[in-house]
Each structure stands twice: as C-alpha cells, then as structure tokens.
Amino acid sequence: MNEKFAPKIVGFLCNWCSYAGADLAGVSRLQMPPSLRTIRVMCSSRVNPLFIIRVFLIGADGVLVAGCHPGDCHYQKGNYQARRKFAILKNIFENLGLESDRLRLSWISAGEGPGFAKVITEFTEKIKKLGPNPAKEEVFL
Amino acid sequence: MTKVLKTNKSVEEAVKELLKFLLKSGKVKGVFTLRKINGNGAVAYSLITSLDMLKDAVPLFPLMPANAGKLLSNLTLRGSVVDPVVAVVRPCELRAFIELVKRKQGSLENLLLVSSTCAGVYPLEMAVNGDIDKKLSQYWDATKRGEIVPDTRPTCMGCEHFLPYTADITVTLIGKKDIDNQCEIFLNTEKGQQFVDGIDGEFVEGKLESEEVVSMRNKRKDEKKRLFDEIGIEKFGLKGLIETFGKCIGCHGCSKVCPICYCNLCYSDSKTYEHKPSVYEMQLKRRGGLRVPPDTISYQIGRLTHVGISCVGCGLCADVCPANIPISTIFLKVGDSVQKMFDYLPGRDVEEQIPVTTFETDEFVEVED
Amino acid sequence: MKGAILNVTENIAKTIINFLEKGLDKKCFDAVLIPIKVPAGDSFAWVLVQNKSLLKDANPLPPVMPVQGAKALSSITKMGKTNRKIAAIMRPCEVRAAVELSKLEQVNLENIFLISIDCPGVLPLKDYLGRPKEAMDKFNKILHSAQNDIQWGNESTRPACQVCDKFIGTDIGFCQSNLHIGILGTEDKIIFLIPNNESGKSILNEMDIEAEKSVDNWEKKAKEIIEVRKKKRKEVQERLKSEVMGIDNLLDTFSKCINCHNCRSACPICYCRQCYFESEIMKLPSDDYLMRADSKGALRFLPDTLLFHLGRMTHMSLSCVGCGACEDACPMSIDVSQIFNFVADNSQELFNYVPGKSVEESLPLKTYEEDELHKVEI
C-alpha cells in the first residue's frame, strides 16, 4: 500500500440532502480527508449508471452516490429508484469481476454534518486499502 | 389442463394448415412468419396476405434472421394492427415483444400469437452457405428424441425458457416422437380457442408441462451452467474485459439487432460521447496511450446496465458480431443475475412491471453503506 | 519523384517504428496514431501513442483492418483540430477516406501528419480471428512476395483488396498523404520515404533526412502491380454485372441481408449519427405495411432492404474509397464491397472525381457547372 496514494473519489450528491450535509460538514470545520470531488445533482435518481461507469473507467478510485434517506426524498420516490439502479450496477460489476467495493451508496441528510464526514473518512480508508484504480493506466479501454 | 387441437399431419403441415385456415376463413388479414423468399433458399420473416404466397411459408425453419419481437414492435409501434394478424414466433422472440410492449414500443391488440416448444435455431453463418437445409434431419431427429440439438446457438442450447409463456397457441415439438404424423397444438387462451373454431381436427385435453418438457429443461439448465462456467466472466476483472473486447470493432451491430435496444439514437452514438480533441489529449497525456475510437468497454458495460434486466438470450448479438465475441453468453449471464435480484423474468407476464420502473420502500439495504 | 532511402534493420515494421520513434524524439510530432496488437494478441486496434514503450507491439501494416483508420482519426478530430501534432500511419485507402472526411467536416487534418505505406491488402477479418498465427504467417509471405510476384496477395486477401488499384499513397494511387513509405522493388533491404508535399519534405528535414534519391525502381514495380489490379478490377466487375444487374438479381443478392446495418457502421464515409434509414421516417403505421403486403400477397419484414442499400449507394458512393470495411463487417458474407465499388466507380466517373485524391477538389454535389450532364435531361 503506497502511503503517498491520495485517493480521488467522485461523489454525486443530491442537492437537497447530501450536498447540504457536505456543506454543513465544511462549515462546521469537520476534519476529513480531501479525497472527494463533488458533482451536485438535483436528486440521487438523476445519476444514470453510465455516469458511474464513465467516471470509474476514467480512473476515479472511488465513486459515491449520496441521497436523502428513504422516505425523505425531496421528490418522494427518487432515492428508491436510485437504490435499484445502484444495486443493478453493483451486481453487474460483481458479475464481471470488477471492484464493486469502489462504488458506494450512502444516505446523508442535510443536518448530518458529522455523518457526511464519517462517510468520506470511512470510504477513503477503504479505497486506500484497495489501492489506486487500475483503470487509470489502461490504454485499451 | 389445456384444450388441444390434434391433427394427423406432420407438425410442419399442421402449422401451415392452421395458418391457411386462419387466412382463408378471413379470421386474420395477415400471417407473420418465416418464408422462403427466393429460389436460392433465402429465408426471411414476411407479412403474408395471400394464400398463394403462404405456400412458401416455412414457420418452423430453424433460423432467426431477425428477432421477431423487434419486428412485431416495428409493425405495431405506431398503433396496433387494425385487423387481426397471426404471428408465428419463438418463445424468446415472444418474450422480447412483451418486454417491448411494456416499454410502449408495441401493441398486443389484434395479434394472435403462435409459438412452439422451441428446439433452438442455427447460427446465422450457417445460413450463408445454405447449410441449414443439410442439417434439418439431424435437427428434427434430436428434437423428437428430446435431446438438445447440436450446433445451434449457444444460448439456444442453454435456454430453459423454451416453453412460451404468453402465446395464445403453442405447438409442441420437443420430445414428441411422432411429429412426422401427428401434431398437438395447445390452445392456451380463449382467444386461441376462438380463432381455431371451425378448423378440422380432434379436440382433446393436454398438459404443456409434460415429462419431456421437464427433462429438456433440466438438460438445458445443465448446458447453461456449463456455458457460464466455461466463459467464467466473474474472473474477468478489468483486464479480462479488455482482453475479451480487444477485438471489438465498435460497429454496435449487437445493439442494432437486439430487440431490447430500441433507442433511435443510442447514447454511445450521440454527441454525449463526442469530445473536443483536448479531452482526448488530456487522457493521452495521463495514460501515455489511448485506444481510438474510444469507449469500447464503457459501451459494453453501459449496454449491460440498460439491457440486462430484459435480456431474453436470443443470441442475435453474438451471431452478428464481426469479431466473434461471445456477447450473447456474457449478456445472458449478467442478465440472468440482474433478473434474479428481483425475481423477474422478462416476458413472463405483460402486467409484470420492469423492476427499474418500480420499487419497494424496504429492500436492498445490503447495498447501502 | 525523389525520396530518401532507409536501410531495413530487422524487418520493415521495425524500421518504420524506429523512424517514428526518431520523429517523437526530435519532437517533429507529439504522438503517433498506429495499429497496436491488443492485449489478448488476437487483433489490432488503433492507439494514439505518446509513450514510446507502447510501440513495441505496434504494427504499421497489420494483416487485418478491423477499424478503418479514417474512422479512428475522425473520433478524435471531429470536434476540432488537435492541439498536438499527430503522425498517423495508415493504409492508402484510409488516408483517402480521411481526406474525404475532411471535406465532409468529420476530420480536421490540421496538425495531422499523414503517412501512407504500400499496401498488399488485408486478410478477411474472420479468417484472421479464426487462426491468428497462421494468418500472420500467410500475410508476411504475401508482404515479401511482391519482389517476385506481381499478383501480390491476389489469392488470399479480401475481395475488396484484390481489385484495389489505389494501394499506393502517391499520385499514382490518387492519394495525398504527407509522406509515403515505399516497400516495393526494394528486395526488403531498404524502404523509400517519399514526401508528397512540402509538409512531408520539412518533416524529413527536421529529422536530418534528405529526400534526394531516385525512386524509379519502386515506381516501376508499383505501376506493374497497379496494371494487374486494374485488369482484375475490370474482370471482376464484368462478372458482377450478371449477378447484380436487374431488379431480380439485386433482390437475390440481398436476399440474405438481415438489415443489421453493420456495413453502414463500419463505413468511414457513413458518418451520420443517426442514419436516415434508422430514423422515425422509416417507422410506418401498421396499415401501411399491410397495404403493401396486400399489393403483392406478401411483404418481407422488415421491408426496404434494397431501399437501404440503394439509398446508401446514393448517399455515399461518390466518396467510396473501396476500403472494404463493409465486407468484413457483414455477418452474411454478402459481396457488399464489390457491389458498392462497382456502383461507385461508375458514379465517380460521371464527374471525373476520385475521392480522397485531393483536399482541394470539391465534392461533386457541393458544386456544379452551368453546362453539363445534358444526357440526363430530356
């Protein structure tokens, strides 16, 4: 494990809950590794699995999809559908022997500043153990 | 128990007689089935409206030049057929059509669906040299004995859904030792029974789920397992994927012939995947080398994600691939796995919602973190 | 014509790759577009290369053409010119297709240095995929046979290649690359570097290579083989007439077509994101189909197979470079390339137009003369 390895995690955060939670974590000056690159979407269900695949193949060490807790989606049902799409993608990754541990789905509410920091810290640790994404260096993708 | 029409004719004759009866009596205005379209043995699906042209029909010919489900979708996309049409299709084609109907890409109305307990079809390349005619006796021999027909498409040999789920009429073929002299046509629905009202033949009772069917299903399941074990996609990983799809030429033929891929303009062919040179040059700088045209692997995984839930394993994708990549096996394996997550079987029931269009409030908690 | 002479070290492929590496070292260009053996070793793919170590598996003249080089070039330059200079080494038909595509605004040739090479043709893709090692041996034999045999591969290459008379990347092959590499008439001991224009000369200058030697030996051999190919082209097209002329013959020829449109997807000239023949306009209400079926008693479904092929001919035959990508892609082994070549030759002759010959030569449909083609008027 390379100590110099600084994971790059791409996070799709839903506008109403998880993005706000991330914001709160920042404002509260909570410590967490600087691994996250945020992409704000209006709802976790906006995340087309193609986005995750593209980001993974470009070489992101980890991909996070974060939304509102089930039952609290700003658009009522979005996160349920996001959960299904994510489950399917994870299943496909497992079937193909791709590192499905690099994909993570988390529910983080707008008030969960510490919760957000915890997710990022845990996920970064996990990715550090997995090492850099080999897709970064592949030529024949 | 189902009502069965029994005739003392070979299955090929009996099916043709059925189609002739339906057309002649005016009960249907058109017959959709395989037909010999010229003197050189070329066989293609056709929409037939005259008794004369019906003579060239070969409904049970073991070839699938296109997925009939896709063709029926094209026929009924702009609206259902106004007058009744009878369509003879294979179970996987029928399932594909049901999946398309769920996606509002076709209509079941006024279609009389005839299918059979399917013994499979030969790969397209065998049709190139007219080799299928030479194989016909072996085909029917194996079918009669309830054996898997050798040299058919891999996904046919491993297909456990050869008993049609939503057909109005099912012609039993597998394991029927006397198909040269006798034909049993199961009338599964009221619609089926109404349409054959008045035809010559004996009416008896029968069970589709017979011993022969169960035995064949087990054989197919074993073959499917062997097929999946042989390809071993779980061991692929990124390296394995790159090796398998190294020879992919990006023609997207697999998508064009796939019944589930109905998008007019695929994401991967659209502007979304076209970038300014600087984007590619940045990739080049990082990796030192960049395969072009890009996005070969991403297209495959992307298509798996979109299509897997409804893949019926018809096998056209592998047939049409110019690089001989075993696409159909890969897609069927992943498709089966995704479908199992939801206990979903594509094409089993038109009322059954496609899993991505619905949800439960309490499920898949194991993927949350 | 004048050119430079390079001694062959190890083999022709290695010599060319050394030349490209030298160009990268001297910063004459920043990257190379070249076919490289894929990781599984069972095919070749176009790779944009900056890291020289990747060139160890490169092959400037692979035995197959899975993807037409112009298509690969278009995928990176469709949206504009590259910022870095790229040397693209391709077969003459790929260079010609790239030049055509630049007229169609699908390739931006600014900052692209096109290098062509004498081409014996390629093996059918399916043949190669079945037995890569044997196929590679067969191809190598063909490559070296030119010294003694002016048939140069005519028995084993693809049908499209067997009738190709434009396999040389200079004016005698109607091709306008920047630099052409001649391997004919050299006994495999040397290769010729023949600049076609100022750009070619200046790159050679930057690499301290002077193009002052006569290339007459090479040109003589090339012209000999061109004559053989021209003759074969005429013969094949004569035979083809009896197979495809007339509606019945056409229908028979395309009776096995399954409408997969692979030919269109593989074709470098067919660049439309959504083909007309796959668009909404081809999707009709069921009555239309039934009415058409009624008129003859039966309608092949999907209909309009021949419409697609004739339509594609109309749309692209003026720019068809005869590369044969279509015939490799056809799952039903239909002689698509031969038929399209036949039609293309005739339609191009109408305007005395050779696709890909020159960037300056305007596409026939983009221009007109006030006084022409009176024979089509009544």
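The values are calculated or read from the model by the stated rules, or taken from the named source; none is laboratory data. Just so it is clear, the structure is predicted and the values come from calculations on it, not from any experiment. Cβ sites come from the backbone with ideal geometry, for glycine too, and all protein chains shown count toward neighbours. Ligands, DNA and RNA are excluded from the accessible area calculation, which covers all protein heavy atoms including side chains. Shrake-Rupley method; radii C 1.70, N 1.55, O 1.52, S 1.80 Å.
Data overview
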| item | result |
| --- | --- |
| Residue-wise HN-Hα coupling along the stretch C:42-59, computed from phi with Karplus coefficients 6.51, -1.76, 1.60 (Hz; x: Gly, Pro) | 10, 5, 10, 9, 6, 10, 7, 10, 10, 8, 4, 5, 5, 6, 5, 9, 7, 9 |
| Lys/Arg +1, Asp/Glu -1 at C-beta; the protein assembly as shown dipole; positive extreme among C:F340, B:Q105, C:S214 | C:S214 |
| The stretch B:238-369, dipole about Cα centre (Lys/Arg Cβ +1, Asp/Glu Cβ -1), debye to the nearest 20 | 1140 |
| B:L51/B:Y267 FRET efficiency (R0 45 Å; Cβ-Cβ; nearest 0.05) | 0.50 |
| Label point distance in nm, C:E372-B:E109, each placed 7 Å from Cα along Cα→Cβ | 5.4 |
| Dipole of the stretch C:246-376, positive direction: furthest Cα of C:M313, C:C326, C:P364, with charges on the beta-carbon | C:C326 |
| Cα radius of gyration and Dmax for the protein assembly as shown (Å) | 29.8, 93 |
| Solvent exposure of the protein assembly as shown as accessible area per residue, Å², 1.4 Å probe | 41 |
| Kirkwood-based Rg to Rh ratio, the stretch B:272-330, C-alpha trace | 1.10 |
| Spin-label model distance (nm) - C:L350 vs B:D222, 7 Å beyond Cα toward Cβ | 6.3 |
| Charge dipole (the stretch C:2-236, unit charges on Cβ, about Cα centre) - positive-most of C:P62, C:T9, C:L184 | C:P62 |
| Two-site FRET efficiency, A:K126 against B:E366, from Cβ-Cβ distance with R₀ of 25 Å, rounded to 0.05 | 0.95 |
| Using θ = phi - 60° and Karplus 6.51 cos²θ - 1.76 cosθ + 1.60, couplings along the stretch A:78-92 (whole Hz; Gly, Pro as x) | x, 5, 5, 6, 4, 4, 5, 4, 5, 4, 5, 4, 5, 4, 5 |
| Cα-derived Rg over Rh, computed across the stretch C:125-230 with Rh taken as Kirkwood radius | 1.02 |
| Proximal charge balance of C:A160 [Cβ under 11 Å; K/R count +1, D/E count -1] | -1 |
| Environment charge at C:P92 (Cβ cut-off 9 Å; Lys +1, Arg +1, Asp -1, Glu -1) | +1 |
| Charged-residue dipole, Cβ positions (Lys, Arg, Asp, Glu), chain A about Cα centre, Debye nearest 20 | 240 |
| Loop sites in the stretch C:1-38: trypsin sites (Lys or Arg not before Pro), DSSP, at most 16 other Cβ within 10 Å | C:K26, C:K27 |
| For the protein assembly as shown, size of Cβ-based charge dipole, Lys and Arg +1, Asp and Glu -1, in debye | 1420 |
| For the stretch C:238-262, residues shielded by at least 20 square angstrom of accessible area compared with the chain on its own, probe 1.4 Å | C:D252, C:S255, C:K256, C:I258, C:C260, C:N262 |
| Listed residue pairs exceeding 20 Å between alpha carbons, taken from B:K16/B:K176; C:K126/C:K221; B:K256/C:K283 | C:K126/C:K221 |
| Table column - 3J(HN,Hα) (Hz), the stretch A:118-127, Karplus curve with 6.51, -1.76, 1.60, x for Gly and Pro | 4, 4, 5, 4, 4, 5, 4, 4, 4, 5 |
| Shape metrics for chain B, restricted to C-alpha atoms - Rg then Dmax, Å | 21.9, 76 |
| B:E211 versus A:M42: modelled label distance in nm, points set 7 Å from Cα along the beta carbon direction | 6.3 |
| Within the accessible area of chain B (1.4 Å probe), percent carbon and sulfur | 49 |
| Solvent-accessible area buried by B and C, counting both chains, probe 1.4 angstrom, square angstrom | 5500 |
| Rounded to 5, percent antiparallel among DSSP beta bridges of chain C | 60 |
| Compactness of the stretch B:1-138 as Cα Rg over 2.2 N^0.38 Å, two decimals | 1.05 |
| Radius 11 Å from Cβ of A:W16, net charge of other residues (Lys, Arg +1; Asp, Glu -1) | 0 |
| Per-bin percent of Cα-Cα distances, the stretch A:2-141 [5 Å] | 2, 11, 21, 23, 20, 14, 7, 2, 1 |
| Chain C: C-alpha pair distances exceeding 27 Å, % | 50 |
| Gained length - B:V279 relative to B:E190, 0.36 nm times residue gap less alpha-carbon distance | 26.0 nm |
| Chains B and A, summed buried accessible surface - 1.4 Å probe, Å², nearest 100 | 4100 |
| Dimensionless Rg/Rh of the stretch C:246-376 - Kirkwood Rh, Rg from C-alpha atoms | 1.01 |
| Chain C: angle of helix C:12-25 to the longest principal axis, Cα-based, in degrees nearest 10 | 70 |
| Long-range amide H partners of B:G30 with built H, under 5 Å | B:V86 |
| Förster radius 25 Å - calculated FRET efficiency between C:E280 and B:N38, Cβ distance, rounded to 0.05 | 0.25 |
